[in-house]
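Enquirer: Okay, here's the structure, questions in a sec.
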Amino acid sequence: MSKVIQKLNCPDCHSATVVKNGKKSNGQQNYKCQSCDKQFQDEYFYNACNPEIKELMKPMLLRGSGVRDICNVLLVSINAVLRLILKWGKQVQIKPQKKYYQRVQIDEAWSFIGKK
């Protein structure tokens, strides 16, 4: 009997220079890419950590899916989706077309209000 060794590629740079890098607190094997120094797991316990799930969120947002719809379909939390929206917004740095606007509409904005 021969042992089958699974060859992994980095999900970020797709390099094959991947080595084991300890275990996570949940017991899963952690891997590290020697090319880009990113750490990743073969299988993710929580969907929001999976890079493939994160990439699915982008087209869903662009096609008009709401934050709660994305949470229900991809089985992630609202905070995970909102964190990614903020992260992508900072990367893109969208510039407004006008300096001042008469009216602005914000979709699914939420905040915490303390005791009255």
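Each reported figure results from applying straightforward, stated rules to the coordinates on display, with no laboratory input. The model shown is predicted, which means the values in this text are computed figures rather than measured ones. Virtual Cβ from ideal backbone geometry, glycine too; neighbours counted across all protein chains shown.
Enquirer: Output the pairs from Lys7/Lys90; Lys20/Lys58; Lys38/Lys87; Lys38/Lys90; Lys7/Lys54; Lys23/Lys58 with a Cα-Cα distance over 28 Å in this structure; if there are none, say none. Intermediate values should be presented prior to the final figure.
Expert: On the way: Lys7/Lys90 35 Å; Lys20/Lys58 30 Å; Lys38/Lys87 18 Å; Lys38/Lys90 21 Å; Lys7/Lys54 23 Å; Lys23/Lys58 30 Å.
Exceeds cut-off: Lys7/Lys90; Lys20/Lys58; Lys23/Lys58.
Enquirer: Using only alpha carbon pairs under 8 Å that are at least six residues apart, calculate the relative contact order of region 46-94 and give it in whole percent.
Expert: Numbers: 24 pairs, mean separation 17.0, N = 49.
RCO, region 46-94: 35 percent.
Enquirer: Once label points are set 7 Å from the Cα along Cα→Cβ at both Tyr100 and Leu75, what is their separation, rounded to one decimal in nm?
Expert: 5.1 nm
Enquirer: Hey, any idea what the orientation-averaged projected area of the convex hull of region 46-94's Cα atoms comes to, in nm²? Kindly include the intermediate steps, with their values, before the conclusion.
Expert: On the way: hull surface 12.7 nm².
In nm², the orientation-averaged hull projection of region 46-94 is 3.2.
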